[in-house]
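The values are calculated or read from the model by the stated rules, or taken from the named source; none is laboratory data. Please read these numbers as outputs of a predicted model, since none were measured by experiment. All Cβ positions, even for glycine, are placed from backbone atoms using ideal geometry, and neighbour counts span all protein chains on display. Side chains are part of the model used for accessible areas, which takes the heavy atoms of the whole protein and leaves out ligands, DNA and RNA. Shrake-Rupley method; radii C 1.70, N 1.55, O 1.52, S 1.80 Å.
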Amino acid sequence: MKNPTQRNYFLSVLPFAAILLLLIGSVLIAHKIHSHADGVLGVNTMADANGEIHTVRVFDSISSVMAIDRDNHSRKKEIPPSSYTYDRATTLLTFSDPLPYADTVVHIEGKICQPEQFFLHDFTGDSDDLLVILGERIAIEDYEYTFDPQARLLTFRSDIHPETDGNFHIGYEAANGAHHGFGSWKEKDYDTLSALQWQHLHRTQGAPMLVMKMRSKQSDKKLSKEAGFPIALPKQHSKLDGTFLVETMEDSEKRVTVQRYFEKEVLMVEARKDEFGQPDKPLSTEEIGIGNLSVQKTRIIGTYTDALHKEPTEIPLIQYNWQKDGTFYQIVAREDQVDNAEQILADVPKK
């Protein structure tokens, strides 16, 4: 049985789920509006934490720039060349006027440099902190690509063209702790991408070895069949929410959990076949009814690490546990997330 510290460690791991969701989400957008023809490449980018927009991939010249509403891809606006400037040395794209949408994807088309290069403007680590995937394996540094930490420039071998040679992915942690990833993976290959990402995190950061399989489009019925136990998850609130089937190894046995991450609420519901361990010294415990559920609501003191990897902090946490059809569920929330957590609980299907 897990103690409170072990159980609440999951909140430290939670950002990794958000990382995977962000990476896959960016790939989904890229596939919808990606183009590659006649030597012209189209890529997508968004403003970073500093409000700057970088192409990351180094372009020799840009032929068009389009602003696309992230929430509604049918809303687009061509940006005239007179309204932007591009710095090839830093890949910074600067606009003279504000972008038209609150959450804007910027689609750029143009001719890329040869050999192909990526300028990781906000990366301060070394090559060991960089994940480069080609095909279905982690690429070999100094053979398939080189990375100059001082210049922050990644250069592929001249005969390698990652957009057309197959799946590729580049991932890294920025100076401010945010995680970035981009590439050309197709949804059918996400399981392989996930395995390679976690292999890298395990080697470089000591993350527990696991594989997160994205299952956001699967019904509870299909999830139940793959997981091996009944699943009845709260409904997703937006297209940015993600559902994952998570496989870990414990005592040489494969363990399966199902997790649904709610992007806006920054909360996760976890479902498992085995009962969750109870804290040794709960501050309070009560049984409450939410929707069609009878839920155990427990107030505990736990450790929390936010998505920017600040030092772990002891804070009050609310742990919601319930059982349905022999499957055990849990949400762990900060006190300021209680309303959101209970709204999620209210969305659990009746059947």
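Scan the range 33-54 and report the pairs whose first residue is at pLDDT 85 or above and whose second residue is open to solvent by 30 Å² or more (accessible area, probe 1.4 Å), with Cβ atoms within less than 6 Å and a gap of 6+ or a chain change. Partner pairs satisfying both residue conditions: G42/H34; G42/S35; G42/E109; I53/A47; H54/L92; H54/H121. Among all positions in the range 83-104, there is at least one residue which is modelled with pLDDT of 90 or more, of a type in the set (D, E) and open to solvent by 10 Å² or more (accessible area, probe 1.4 Å). Specify which of the listed residues (S224, S216, S194) is at pLDDT below 90, farther than 28 Å from D129 by Cα and either under 13 Å from the mean Cα position of the chain (by Cα) or buried (at least 16 other Cβ atoms within 10 Å of the Cβ) (or both). None of the others qualify; the one that does is S216.
Considering only residues that are under 19 Å from I315 (Cα atoms) and touching a strand residue (DSSP E or B) at 6+ places or on another chain (Cβ under 7 Å), which ones fall in the range 278-300? P279, P282, L283, S284, T285, K297, T298, R299, I300, listed by residue number. Annotation note: Cβ proximity below 6 Å between a residue of the range 194-207 that is among the charged types (D, E, K, R) and a residue that is open to solvent by less than 60 Å² (accessible area, probe 1.4 Å) (sequence gap 6+ or interchain) occurs for no pair. Need pairs with beta-carbon distance below 7 Å; first residue open to solvent by 90 Å² or more (accessible area, probe 1.4 Å) and within the range 235-258, second in a strand (DSSP E or B); sequence gap 6+ or separate chains. Close Cβ pairs satisfying both conditions: K254/E247. Among the residues of the range 154-171, those that are surrounded by 13 or more Cβ atoms within 10 Å (Cβ to Cβ) and either free of Cβ contacts under 8 Å to residues at least 24 places away in the same chain or in contact with a strand residue (DSSP E or B) (Cβ under 6 Å, 6 or more places away or on another chain) (or both) comprise L154, T155, F156, P162, E163, F168, H169, I170, G171.
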